[in-house]
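Step one of this worksheet: look at the structure below.
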Amino acid sequence: MSGLSSGWVTRVDRQGAVVLAAIAAWGVAIIGFGFAPALWLAVFCLAVAGAADMVSAVLRTSMLQLAAPEGMRGRMQGVFIVVVAGGPRLGDLRAGALATATSVTVAMVSGGVVIVLAMIVVALVVPSFWLFRASRAAQEAGDTRPGSPAPENGEDRPGTPAD
């Protein structure tokens, strides 16, 4: 459902901040899921988590395409796929082991808390991620797509014919 209403994501300029907020929202939704006393509330929390994950995934992919140098995009995409495919499996292992040792509630809530805290740490330790702007990255990359911001120095974009 969130994919059907994702058009607004294309207009996000402060992509780094929105990615961190979306991942933190995912963590908060997982905390809510862990504490949910009713099935309908648990399903609602999972829907919110899914929507936040969709926003994060779209923007992370966009950031990778904008920030990675053209010659490195394939390799960066490969690393990205390994992280996206492997990271959740490690989280599943953590959650399963913790749920076995304690309870499902502890496993879910602690996972959400760890994610929220991790996003705060990333925002503080990697300010370039928090401050990432799509418009700035497009300018630095010499983006020539229609509608992309023009270079500030008044020169033609690289790869476009002069008048």
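Here is the figure for the range 34-68: residues that are part of a loop (DSSP other than H, G, I, E, B) and at pLDDT below 95 total 1.
Across the range 96-125, the qualifying residues are those that are assigned to a helix (DSSP H, G or I) and hydroxyl-bearing (Ser, Thr, Tyr), and the one among them that is surrounded by the fewest Cβ atoms within 10 Å (Cβ to Cβ) is THR100.
Would you be able to say whether some residue in the range 14-33 is farther than 24 Å from ARG133 by Cβ, modelled with pLDDT of 95 or more, of a type outside the set (Ser, Thr, Tyr) and outside any helix (DSSP H, G or I)? So far as the range 14-33 goes, no, none of its residues is farther than 24 Å from ARG133 by Cβ, modelled with pLDDT of 95 or more, of a type outside the set (Ser, Thr, Tyr) and outside any helix (DSSP H, G or I).
Of the residues making up the range 130-139, not a single one is polar (S, T, N, Q), modelled with pLDDT of 90 or more and not in a loop (DSSP other than H, G, I, E, B). If you go through the range 78-101 one residue at a time, do you hit one that is more than 14 Å from the chain's Cα centre (by Cα), more than 28 Å from SER135 (Cα to Cα) and among the polar types (S, T, N, Q)? Scanning the range 78-101 turns up at least one residue that is more than 14 Å from the chain's Cα centre (by Cα), more than 28 Å from SER135 (Cα to Cα) and among the polar types (S, T, N, Q).
Kindly list, by first and then second residue, each pair from a residue in the range 55-78 that is in contact (Cβ under 8 Å) with a residue 12 or more places away in the chain and closer than 24 Å to TRP8 by Cβ to a residue that is acidic (Asp, Glu) and buried (at least 18 other Cβ atoms within 10 Å of the Cβ), limited to pairs with Cβ atoms under 7 Å and residues at least 6 apart or on different chains. Pairs that qualify, where the first residue is in contact (Cβ under 8 Å) with a residue 12 or more places away in the chain and closer than 24 Å to TRP8 by Cβ and the partner is acidic (Asp, Glu) and buried (at least 18 other Cβ atoms within 10 Å of the Cβ): there are none.
hydroxyl-bearing (Ser, Thr, Tyr), modelled with pLDDT of 85 or more and under 18 Å from LEU20 (Cα atoms), is that true of SER103? No.
For the residues VAL79, VAL55, the requirement of being exposed (fewer than 14 other Cβ atoms within 10 Å of the Cβ) and within 19 Å of VAL19 (Cα to Cα) singles out VAL79.
Taking first residues from the range 97-112 that are touching a residue at least 24 places away in the same chain (Cβ under 8 Å) and partners that are part of a helix (DSSP H, G or I) and β-branched (Val, Ile, Thr), the Cβ contacts under 7 Å between residues at least 6 apart in sequence or on separate chains come to MET108/ILE30; VAL109/ILE31; GLY111/ILE30; GLY112/VAL28; GLY112/ILE30; GLY112/ILE31.
The values are calculated or read from the model by the stated rules, or taken from the named source; none is laboratory data. This one's a predicted model, so the numbers in the text were calculated from it and none came from an experiment. As a convention, Cβ positions derive from the backbone with ideal geometry for all residues, glycine included, and neighbour counts pool all protein chains shown.
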